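Take a look at the structure below.
The numbers here are math on the coordinates, done by the rules we state, and not lab data. Keep in mind it's a predicted model, so treat the numbers as computed, not measured. Using ideal geometry, Cβ is built from the backbone for each residue, glycine included, and neighbour counts are taken over all protein chains shown.
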Amino acid sequence: MYTIKPLADEDWADWLDIDVEAFPAWYPSPEEKAAHLKIYKQEQIDNPQREYLGCYLDEKLVGSVRLIDFTMRVLSVKLPVVGIGGISVDMLHRKEHVAKETMAAGLRHIRDRGIHLSTLYAFRPDFYRKMGYGFGAKLEKYRIKPSSLPRGESKAHICRLTAKDRAALVACYHRYFDTTHGLFEKNDNDVDALLCGDMYNTTIGYKKEGRVDGYVTYYINRKDDFQEQLLVREFVYNTPDALSELLTFLNSLSDQVHEIVLNTQDDQLYHILFSAPGSSDSFTKDGYFHLNSYRPYLRSNEAGVCCMYRVLNTPGIFKALKSHNFGHQTCRLNITIEDAFLPENNGSTIVHFENGVPHLSPNASYDVTISLDIASFSSLIMGVVTFKNLYNYGLATISPNDHIDTITRLFLTDTKPLWPQGH
Ligand SMILES: CC(C)(COP(=O)(O)OP(=O)(O)OC[C@H]1O[C@@H](n2cnc3c(N)ncnc32)[C@H](O)[C@@H]1OP(=O)(O)O)[C@@H](O)C(=O)NCCC(=O)NCCS
């Protein structure tokens, strides 16, 4: 019924009308719309890594989706992935499966390009889960008093980073990217944003002998004459010294800054965030002991579901990850995936792991079979959830089940994937 194809040039005005109604954050005048169309068209030329697919009913645009190419660190390997964004459907055609059909065509299109993984913001987790996306790591939001951050012995290497430091900053991020599961490679625009020096992007670095080994990018939100919030956009460190000096710098702002808001997917970072217990807002304002019927706790932060991942091609992802070591485990595994949304990915993949090294072995024999849907498998291979938990939650089965520990160790990762900051 629908035709899904790249958005035609003459349909950009219709696209903007649908988009503005779908994301009603602004109500542009006709002149503003015309100006924005120019910008979007130019963006298409400047950013060939973005692609818009339109969904047409009788030649009329009724919905669209944006596909964005990224390079992601997946486990120990750099992989091309496609991010999905801006799904919007004409208000007159809601609940007519426009989004569903557009997404299905989009995912098929990405898979046909030889890309095995997609990711998106978990705007409506149930909706995207039905389309095969599994949860990423939760985002932890901390509101911290600067004085509760650890104050180290020095901040001697802290400096403002400017355009002159571009190469050192890029090198610093590359080192971080090379060792951090889940991150995206930065493009020129991303680096420009960090160094542009506008009110949203102050970048303070740790620089020693010309080498940058960490930075924090933030903006200050002045709530009133006495309340200033420092919102961290990016926090990157490659060494304990860089982390210590950056935290010491943030600590030193306590006379001016009322609270620091830090979003992170590092679920262990709280070990260092509250060096002066009781001095953070989280602990004093609403965090004192809540005695419920089970156990007392101190509220430390808010958290939420943030991003989701989807494997598009199960054999393909093992082929792409052939240099990754899966927990030094040895086992002959049959992975049976249920993928109703992308039936070409439905079915069994046999992988023989020899001391952690995966070998795709179609039609070979195997010792153990695991069965799960594509959403759960996507979270499993990204190291967001363990196999043992999936089994206990009833989201995966295994036969014979005396291999649960081996399969759990196979997919264990050192850290959960970090969603790129600043995006
Ligand atoms: C969110 C939005 C894109 C949905 O568009 P839509 O065309 O109405 O959605 P669809 O008709 O394709 O989805 C309808 C149903 O198909 C279901 N569906 C999706 N995948 C499915 C699958 N694999 N199997 C079965 N059902 C599925 C959905 O759950 C939904 O069910 P519901 O009606 O019970 O919720 C649309 O409302 C919109 O434009 N909203 C504003 C913009 C926005 O929020 N975009 C998303 C953020 S980027």
| message | Give me, ordered by chain and number, the residues 5 or more places off SER76 or on other chains with an amide H under 5 Å from its own placed amide H. | response | none
| task | Could you name the lysines whose alpha carbon sits less than 22 Å from that of LYS322, not counting residues in the same chain fewer than 8 places away? | result | LYS78, LYS416
| field | Karplus-derived HN-Hα couplings along segment 162-171 (A = 6.51, B = -1.76, C = 1.60, θ = phi - 60°), whole Hz, x at Gly and Pro | value | 10, 3, 5, 8, 3, 4, 5, 5, 4, 4
| message | Can you tell me the length gained on complete extension of the stretch LEU412 to TYR121, counting 0.36 nm per residue apart and subtracting the Cα distance? | response | 102.4 nm
| message | If you filter segment 320-410 for chymotrypsin sites (Phe, Trp or Tyr not before Pro), then keep DSSP loop positions with at most 14 other Cβ within 10 Å, what is left? | response | TYR393
| query | How many percent of DSSP beta bridges within the chain run antiparallel, rounded to 5? | reply | 85
| query | Which whole-Hz ³J(HN,Hα) couplings does segment 254-269 yield from phi under the Karplus relation 6.51 cos²θ - 1.76 cosθ + 1.60, θ = phi - 60°, glycine and proline marked x? | reply | 4, 5, 9, 8, 7, 8, 10, 10, 10, 9, 8, 9, 7, 7, 10, 5
| note | Amide H proximity to PHE411 below 5 Å, modelled H, separation 5+ or other chain, gives none
| request: List every residue whose amide H lies under 5 Å from the amide H of THR369, counting only residues 5 or more places away in sequence or on a different chain, with H placed 1.01 Å from N in the peptide plane. | output: ASN334, SER399
| task | Just flag the GluC sites (Glu not before Pro) in segment 163-250 sitting in loop per DSSP whose Cβ has no more than 12 other Cβ atoms within 10 Å. | result | GLU209
| message | For a quick check, take a GNM of the chain with Cα springs below 10 Å and name the residue from VAL368, VAL82, VAL74 with the largest mean-square fluctuation. | response | VAL368
| message | Report the gain in length on full extension from HIS271 to LYS208: 0.36 nm times residue separation, minus Cα-Cα distance, nm rounded to one decimal. | response | 20.1 nm
| said: Take ARG166 and SER254, extend 7 Å from each Cα along the Cα→Cβ direction, and tell me the distance between the two endpoints in nm. | reply: 3.9
| query | Fully extended, how many nm does the chain gain between LYS38 and VAL305 (0.36 nm per residue separation, minus their Cα-Cα distance)? | reply | 92.7 nm
| query | In Å, what is the Rg of the alpha-carbon atoms in segment 140-304, and how long is Dmax? | reply | 16.6, 57
| task | Would you mind computing, in nm to one decimal, how far apart the modelled labels at CYS196 and ALA13 are, each placed 7 Å from Cα along Cα→Cβ? | result | 2.9
| Entries of LYS155/LYS207; LYS155/LYS186; LYS38/LYS164; LYS130/LYS319; LYS33/LYS100 with Cα pairs more than 21 Å apart | LYS155/LYS186; LYS38/LYS164; LYS130/LYS319; LYS33/LYS100
| query | Semi-axes of the equivalent ellipsoid of the chain: what are they in whole Å, largest first, if each equals the square root of 5 times a C-alpha gyration tensor eigenvalue? | reply | 36, 32, 22
| remark: Calc'd 3J(HN,Hα), segment 361-375, phi into Karplus 6.51 cos²θ - 1.76 cosθ + 1.60 (θ = phi - 60°), Hz, glycine/Pro = x, comes to 9, x, 6, 7, 7, 8, 9, 8, 10, 10, 10, 6, 7, 5, 5
